[in-house]
């Protein structure tokens, strides 16, 4: 069994803070949107905690973003043309057929290139576009009176809210898919262990 | 006996006539007579401390006031003036009885008597407001129906209270102050409803009702018959939608500014303490009765503002973009799209997992084959 140190400590901390943060944001978000039907906490508390956690995630994301941009690691999120055209198809075929037949994963993670082409493409959209949009719309909705000129410019509070809500559903859906995809390691818990210990295990016969 | 009857009838007639003539002397005092003197800006009276107090009443401002508009005579309020004697330097008694608003506004007075303001006054708090302290000079009281929530708050509550010093429990308090009138939460038993006011996004200002009716080539009275094309007495979403291109053609980019206001009603004078609404779900619920009453409000220059009923469902439509309340006005279509997105993620994970489980024998066989 080959062991690769894939996730350094700061990355793991960022990941789990984000994971817990997004999960709690989805839960409190559901309470806020459906306060007249869902009653696991009061609307007032849900709004309070949604704001507090929102700012933690904002701060955490900002730190991560700055770190990745200034150290150049951000390039790991940009797929090459070859990866975008062929890599994504190859990886999609693996997930759609090969994984069921027991084919080896065509992608092998290294510390400098730890995302397969599908992951890169998806994360590029999620981390660099959708998360910032969600943070920005959340910030605007956090104090509508203060940000009213911007909110109005963007089409009104209902438009800003609609974007935030659609992304809320997306992230709720993402949590399900992400959690499931994390079970696609060489054992169902391999990727989970890696995100806790930092060490990814890969069967030698894969090479 | 018959002569006696006629005699009584004669006495009654004389008495009635005398009452009529006596009353006529006060009825006969026209506002213009009062304003002959009190319309002079230099009209003052000397106070015992040597200072002077103005006795001037601006005729134009009075005419524009709610009392002026309703043809209230000066002597209706200053009822101790029953006649004018022009042979005297001051043609009426110098010392007049105070004006009692409650003589006419009895329902308002009753609601006020229950309020925290009246109770504070009773305990000797001189800062607690009387009618005039809120409504200012009663000669110039204007109708406030056309005023926005902010204008009403600034004209009344905020003059004494700083709401930002309180309401710590309330998320986004400034947003609440901007869109919900104080009395919505702080007044009991008053009808609350939603105002939708045409708002110009380019000029960042409300569009006067006069401009709206002009663009539509109609009048305030005929507005409904012009716009309510299906004649159900309510402005439906398609009817509101049809207005937009008409305004765009006229160079106006309107949206509807929503706000939570109370009906101008005597009950709104019963401002309570410690009983304000603190339950978020009173408003933030799709079942909230407040949002079942929605009106398009067109303002008139005199401060009046006709209310035209709007289909409450319009608040939940995508056509009203600049007004949104958590839960109450959520757009149903987003929930449907959201459910599809969520089910998509679950179906992907569930479907893939099922296939993985079903294909375990295939992988096992392949491994054994190796």
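The values are calculated or read from the model by the stated rules, or taken from the named source; none is laboratory data. Because the structure is a prediction, the values reported are computed rather than measured. Every residue, glycine among them, receives a Cβ derived from its backbone with ideal geometry; neighbour counts consider all protein chains shown.
Laid out as a table, the results:
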| read-out | value |
| --- | --- |
| Failed condition for residue A:152, given (1) under 30 Å from residue A:34 (Cα atoms); (2) in contact with a helix residue (DSSP H, G or I) (Cβ under 9 Å, 6 or more places away or on another chain); (3) surrounded by 18 or more Cβ atoms within 10 Å (Cβ to Cβ) | (2) |
| Residue identified as out of contact with any helix residue (DSSP H, G or I) (no Cβ under 6 Å at 6 or more places or on another chain), assigned to a helix (DSSP H, G or I), farther than 30 Å from residue A:164 by Cα and at pLDDT below 90 among A:4, A:93, A:85 | A:85 |
| Sole residue being under 18 Å from the mean Cα position of the chain (by Cα) and without any contact (Cβ under 8 Å) to a residue 12 or more places away in the chain, chosen from B:261, B:180, B:155 | B:155 |
| Close pairs (7 angstrom Cβ cut-off, 6 or more residues apart or separate chains): within 7 Å of chain A (Cβ to nearest Cβ) in region B:336-365, loosely packed, with under 14 Cβ neighbours inside 10 Å anywhere | B:362/A:101; B:363/A:101 |
| Matching option when the condition is surrounded by fewer than 16 Cβ atoms within 10 Å (Cβ to Cβ) and under 23 Å from the mean Cα position of the chain (by Cα), among B:219, B:288, B:268 | B:219 |
| Options B:138, B:112: the member that is in contact (Cβ under 8 Å) with a residue 12 or more places away in the chain, under 19 Å from the mean Cα position of the chain (by Cα) and surrounded by fewer than 17 Cβ atoms within 10 Å (Cβ to Cβ) | B:138 |
| Test for residue A:28: is it surrounded by 15 or more Cβ atoms within 10 Å (Cβ to Cβ), within 27 Å of residue A:165 (Cα to Cα), free of Cβ contacts under 8 Å to residues at least 60 places away in the same chain and out of contact with any strand residue (DSSP E or B) (no Cβ under 6 Å at 6 or more places or on another chain) | yes |
| Residue B:325, sole failed condition from (1) over 21 Å from residue B:258 (Cα atoms); (2) at pLDDT 90 or above | (1) |
| Candidates A:14, A:64 - the one that is closer than 20 Å to residue A:176 by Cα, crowded, with 17+ Cβ neighbours inside 10 Å and more than 14 Å from chain B (Cβ to nearest Cβ) | A:14 |
| Lone unmet requirement of (1) without any contact (Cβ under 8 Å) to a residue 40 or more places away in the chain; (2) in the same structural domain as residue B:177 (by TED's automatic domain parsing) for residue B:295 | (1) |
| Helices (runs of 4 or more DSSP H) wholly inside region A:109-207 that include at least 3 residues being facing chain B (nearest Cβ under 9 Å), on the phi < 0 side of the Ramachandran plot and at pLDDT 95 or above | A:157-181 |
| Residue match in region A:141-162 (condition: within 21 Å of the chain's Cα centre (by Cα) and in contact (Cβ under 8 Å) with a residue 40 or more places away in the chain) | no |
| Failed condition for residue B:254, given (1) at pLDDT below 90; (2) surrounded by fewer than 19 Cβ atoms within 10 Å (Cβ to Cβ) | (2) |
